[in-house]
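One structure below.
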Amino acid sequence: MNAIVAEGLSKIYRSGSVEVHALKDVSFTVPTGQLVALKGRSGSGKTTLLNLVGGLDSPESGTVRVIGQEVTALGDDDLLRMRRETLGFVFQSFGLIPVLSAAENVEVSLRLTRTARRERAERVRVLLSLVGLADHADQRPYELSGGQQQRVAIARALANRPQLLIADEPTGQLDSETAGSIMRLIGAVVRSEGVTALVATHDPQLLSLADRVLELHDGALTPEH
Ligand SMILES: Nc1ncnc2c1ncn2[C@@H]1O[C@H](COP(=O)(O)OP(=O)(O)O)[C@@H](O)[C@H]1O
Ligand SMILES: [Mg+2]
């Protein structure tokens, strides 16, 4: 079973008379349960590809199926449901809500899916200990280090037991030691939660943990060796 099947994805950004071919006929599959790294220079199309897979943007042409659903054919309501229930997102800039504690940031995802209150509390506790932050539940983002904030963001992304985790340069703002621990956490989560992950990164530590590395060059996938 494949978690992702992308066929012939192309994306063009237009501003005025300028066209940028951000993705050119990109096809690949990701089997369920794999940790796949997506590498490539800045501007090579990594974020664009993750956005198409996650239904945050639509392609010029081509299709992408995620967990059997054709993302490119879903209407807005179904897309929103898919993003909440099937996907988990992690970004370079963490994206936590500043006025909420670590626990509340994780809980937000569970409120969106209308999880009952008692179950929410238990799930938040389990998730914060999974990411090593059991003792930091009540701290706000500014009271946490960058690495700890990214751990909260990973816990939040996993809250609704997503089948696919999409991470865009999750260690881009972290020092190399902290980056290593975040990458190992993502690797451990893929194994322990049975989730599939597609992670854009330059980080050699993740590249070595990945089951497979896809490389983009000027919007095209480099053939795998
Ligand atoms: N919203 C946008 N409008 C116009 N061009 C864009 C937009 N987003 C990305 N691009 C261009 O598309 C190309 C791929 O960008 P991106 O997917 O962000 O690459 P990466 O994540 O690998 O750095 C770049 O040339 C970038 O300038
Ligand atoms: Mg990017």
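Points to keep in mind about this one:
- Listed by chain and number, the aspartates and glutamates placed with their C-alpha closer than 16 angstrom to that of Lys11 are Glu19, Asp25, Asp57, Glu60, Asp218; residues fewer than eight positions away on the same chain are left out.
- Kirkwood Rh, angstrom, the stretch 1-151 [1 / mean 1/r, Cα pairs]: 17.6
- Within the accessible area of the stretch 90-185 (1.4 Å probe), percent carbon and sulfur: 47
- Note on Leu56 and Ser145: the extension gain reaches 29.2 nm, defined as 0.36 nm multiplied by sequence separation minus the Cα-Cα distance.
- Helix 76-85 vs. the chain, principal-axis angle (Cα, 0 to 90°, nearest 10): 50
- Accessible area per residue, Å², the stretch 37-135 with all protein chains present, probe 1.4 Å: 52
- Subtracting the Cα-Cα distance of Ser15 and Ser181 from their residue separation scaled by 0.36 nm leaves 55.8 nm.
- Annotation: Leu112 carries an accessible surface of approximately 90 Å², with a 1.4 Å probe and no ligand, DNA or RNA atoms counted.
- A straight chain from Glu122 to Asp78 at 0.36 nm per residue would run longer than the Cα-Cα distance by 13.1 nm.
- Projecting the Cα atoms of Gly40, Thr72, Ser27 onto the dipole axis of the stretch 1-96, where Lys and Arg carry +1 and Asp and Glu carry -1 at the beta carbon, places Gly40 farthest toward the positive end.
- Acute angle (nearest 10 degrees) that the helix 146-158 long axis makes with the longest principal axis of the chain, alpha-carbon atoms: 80
- In the stretch 129-225, a dipole from Cβ-located charges (positive for Lys and Arg, negative for Asp and Glu) runs towards its positive end, and of Leu216, Leu144, Val131 it is Val131 whose Cα lies farthest in that direction.
- Accessible heavy-atom area order of Lys39, Lys11, Lys24, highest first, probe of 1.4 Å: Lys24, Lys39, Lys11
- Student exercise, the chain dipole from Lys, Arg, Asp, Glu Cβ charges, in Debye to nearest 20: 560
- Helix axis angle, 176-193 relative to the chain longest principal axis, alpha carbon, degrees: 90
- Dipole in debye (nearest 20) - the stretch 122-178, about Cα centre, beta carbon charges: Lys, Arg +1; Asp, Glu -1: 340
- For trypsin sites (Lys or Arg not before Pro), the sites in the stretch 67-128 that DSSP calls loop and that have at most 15 other Cβ atoms within 10 Å are Arg114.
- For the stretch 138-218, a/c is not less than 1.5, where a ≥ b ≥ c are the root eigenvalues of the C-alpha gyration tensor, and a/b does not top b/c. That puts it in the oblate class.
The values are calculated or read from the model by the stated rules, or taken from the named source; none is laboratory data. Bear in mind that the values here come from a model prediction, so they are computed numbers and not experimental data. A quick note on method: Cβ atoms are made from the backbone with ideal geometry, for glycine too, and the neighbour counts reach across all protein chains shown. Areas reflect the complete protein model, heavy atoms only, side chains present, ligands, DNA and RNA absent. Shrake-Rupley method; radii C 1.70, N 1.55, O 1.52, S 1.80 Å.
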